[in-house]
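In what follows, a single structure is set out as structure tokens and then discussed.
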Amino acid sequence: MLDLLLYEVKGGNNPEIFIRVNSQLQIESTIKQPELYQNTILNNVHKRHKISVAMLTYLFNNQVGTDEFWNYIEDYFLGKVPQEVLESV
């Protein structure tokens, strides 16, 4: 980032993202037009949360047997999400 930005990501029970912008111009630009600011990490977390909620909604709204339920769960954790779930997000 041309030495304009420093960041640190911490996981665990209290995940944190620390960002330091070393450019006054970048900070002023963000303050003047906050709607243009994007944070890829937070956008990704939000998207994964929406998919998780949609997946659980799908499982509990569709009556599936125990084996089928656990197959869906296993597939989900392997990255296989039903198309119907993805379309609902």
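Could you tell me whether Q24 is surrounded by fewer than 10 Cβ atoms within 10 Å (Cβ to Cβ) and in the same structural domain as Q83 (by TED's automatic domain parsing)? No: the conditions fail for Q24.
Mind checking whether some residue in the stretch 47-54 is farther than 22 Å from V9 by Cα and over 23 Å from the mean Cα position of the chain (by Cα)? No, the stretch 47-54 contains no residue that is farther than 22 Å from V9 by Cα and over 23 Å from the mean Cα position of the chain (by Cα).
If the condition is being assigned to a loop (DSSP other than H, G, I, E, B), over 16 Å from K47 (Cα atoms) and not hydrophobic (A, V, I, L, M, F, W, C), then the stretch 58-89 contributes N62, Q63, G65. Restricting attention to the stretch 1-14, the residues that are under 19 Å from the mean Cα position of the chain (by Cα) and surrounded by 10 or more Cβ atoms within 10 Å (Cβ to Cβ) total 2.
Of all residue pairs spaced 6 or more apart or on separate chains, those with beta-carbon atoms under 8 Å, a first member in the stretch 8-37 that is among the acidic types (D, E) and a second member that is surrounded by 11 or more Cβ atoms within 10 Å (Cβ to Cβ) are E8/I17.
Can you find even one residue in the stretch 51-62 that is loosely packed, with under 10 Cβ neighbours inside 10 Å and farther than 30 Å from L5 by Cα?
yes
Residues L59, L86: which one is over 21 Å from G11 (Cβ atoms) and over 19 Å from the mean Cα position of the chain (by Cα)?
Values: L86 fails: over 19 Å from the mean Cα position of the chain (by Cα).
Only one candidate qualifies: L59.
Listed by first and then second residue, the pairs linking a residue in the stretch 54-65 that is assigned by TED's automatic domain parsing to the domain that holds Q83 and touching a residue at least 24 places away in the same chain (Cβ under 8 Å) to a residue that is crowded, with 17+ Cβ neighbours inside 10 Å and of a type in the set (F, W, Y), with Cβ atoms under 9 Å apart and 6 or more places separating them unless they lie on different chains, are M55/Y72; M55/Y76; Y58/Y72. The number of residues in the stretch 27-54 being farther than 15 Å from I17 by Cβ and hydrophobic (A, V, I, L, M, F, W, C) comes to 6.
The values are calculated or read from the model by the stated rules, or taken from the named source; none is laboratory data. Please read these numbers as outputs of a predicted model, since none were measured by experiment. Positions of Cβ are generated from backbone atoms using ideal geometry, with glycine treated the same way; all protein chains shown enter the neighbour counts.
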